[in-house]
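The values are calculated or read from the model by the stated rules, or taken from the named source; none is laboratory data. Bear in mind that the values here come from a model prediction, so they are computed numbers and not experimental data. Please note: Cβ atoms are built from the backbone with ideal geometry, for glycine as well, and neighbour counts cover all protein chains shown.
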Amino acid sequence: MKTLINSGILFLFMLCFFSCNEELIDIADPPPQELIEVNSPLFTELSEMVNTVRTDQEREFPCLNFIYSFAIYIYDSEQDFQRLEIIRNRENFSTVLQSLGENEHLGINYPISGTLKDGTSFSIENNTDLQLALNNCTSENIKELLGNSPSSSPCIWIVQASEDGDNTYEGAIFELDLDRGLAHFYHNGIQYEATWTIFFVSGESENPLETKFRVNLHINDDGQIAEDWNFDWIISDTSEGVFELTNEENIIVLNKQCEYEIGDIGPAGGIVFYDKGEFTDGWRYLQAAPEDFSNAQWGCYGSAITDARLTDIGSGFDNTSAIALFHNNLQGFDENPELCSQQNDGSVAAWICLNFENNGIRRGWFLPSSEEAMLMYENLHLNGIGNFEKALYWTSTEEDEWSAISINFSNGNPDVSDKTISTELTGVRGVRYF
């Protein structure tokens, strides 16, 4: 059970903790948690804090205040996880506390540590310390000056290419579930559960408009992604459409993406040609590169790549990955194309797409499936958008070991073309999800 909690449950409460002077309290990565038993003195204190207004007292610990919404985890007497409760306001929190059964417990992670406004360091290590801190609470109206931050918008936020050249996460996406205080993080086609909690630190400036905000970010992963992302980030820029996060080592810039129309320029500099209407599986829109890529053959003549025979919208990236993997495994095909046939010249349209860079974004471009390429023809070319110059454009959809599907942009018909047809006759135009 503790393994489950430590690796997957993130913060106990997804709390925003403040001192009585509204000073931010950072939450460190938790060791094994303690449980708060129903009917214990600490549980009673917690309930009273939620339901009453207290006055300031002399204290050894800071006052703790909750910022809604957050999540709270319930366990049974055997310390087994039972359920998740989403706490949206003070009244909701009070109702949840009153509804707990006699053998149900609240889980919490320690330590809770930080520095108060006067420079004094503190660390709340256990339930006893927490009760002392709760004793010193005052109920104050905490004003959230969130401006353009993600918590004030239903838009998704896309990781921008980094100026220092480390673009491991460029194109990754944050989707926020503000109603429950949770988030989704999409990277390389994989969805991760996450928490995204906005804090602010008042008192650092005389001007409240210069208040520094922070994001306590925790992605549910026990590998490299957790090491790279799970920090208290300082929000250093919230200009229109931009959200910049910094810590001691990194700067991450997120670009806001809301609604796009067909023909608009997408975040990677492509031309939007498809909107599926909702954000699912890590994407909503398709964008086409603004110009043709260099000419190339489809790939190995006489070899079947059965994993590259998908036709549907949303399957182009899978096809492209299968094509690239096959040719990578040939070990030297680009310099020795006779590994396949005398007709091959060593070029592969899928390779060219995967290596394309536009607007500083390289990863994520691919050769469209047959249905995706047909959408380019219908939504862009027929409307005079996109500068499509070739008659035939490759798709990533294989027909058989000798041929693949291309789309004839002179009439919109699909064509079964030899994989090694003259590169003067076929165009390559990459696309990208976002």
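Based on what the data block shows, is residue 389 surrounded by fewer than 20 Cβ atoms within 10 Å (Cβ to Cβ), of a type in the set (Asp, Glu) and modelled with pLDDT under 95? Can you show your working first?
On the way: surrounded by fewer than 20 Cβ atoms within 10 Å (Cβ to Cβ): yes; of a type in the set (Asp, Glu): yes; modelled with pLDDT under 95: yes.
Judged against the criteria, residue 389 is a match.
Give the residues of segment 378-411 that are touching a Leu at 6+ places or on another chain (Cβ under 8 Å) and part of a loop (DSSP other than H, G, I, E, B), sorted by residue number.
Within segment 378-411, 386, 388, 390, 391, 409 meet the criteria.
Applying the selection to segment 196-238, what residues are modelled with pLDDT of 65 or more, surrounded by fewer than 20 Cβ atoms within 10 Å (Cβ to Cβ) and among the hydroxyl-bearing types (Ser, Thr, Tyr)?
If the condition is that a residue be modelled with pLDDT of 65 or more, surrounded by fewer than 20 Cβ atoms within 10 Å (Cβ to Cβ) and among the hydroxyl-bearing types (Ser, Thr, Tyr), then 236 is the only one that fits.
Going through segment 400-416 one residue at a time, which ones are surrounded by fewer than 21 Cβ atoms within 10 Å (Cβ to Cβ) and under 19 Å from residue 318 (Cα atoms)? So that I can check it myself, show each step before the final result.
First, pick out the residues of segment 400-416 that are surrounded by fewer than 21 Cβ atoms within 10 Å (Cβ to Cβ): 400-403, 408, 410-416.
400, 401, 403, listed by residue number.
Here is a yes/no grid of residues against (1) more than 36 Å from the chain's Cα centre (by Cα); (2) over 14 Å from residue 270 (Cβ atoms):
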{"site": "356", "(1), (2)": "no, no"}
{"site": "376", "(1), (2)": "no, no"}
{"site": "381", "(1), (2)": "no, yes"}
{"site": "406", "(1), (2)": "no, yes"}
{"site": "422", "(1), (2)": "yes, yes"}
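Are any residues in segment 263-286 more than 30 Å from residue 400 (Cβ to Cβ) and crowded, with 17+ Cβ neighbours inside 10 Å, and if so, which ones? Write out each step before concluding.
Of all residues in segment 263-286, those more than 30 Å from residue 400 (Cβ to Cβ) come to 263-272, 275, 277-280, 282, 284-285.
Selection gives 266, 267, 268, 270, 271, 272, 279, 282, 284, 285.
Search segment 324-354 for residues being touching a Cys at 6+ places or on another chain (Cβ under 9 Å) and either over 30 Å from residue 268 (Cβ atoms) or outside the structural domain of residue 288 (by TED's automatic domain parsing) (or both), and hand back the single one that is modelled with the lowest pLDDT.
The selected residue is 339.
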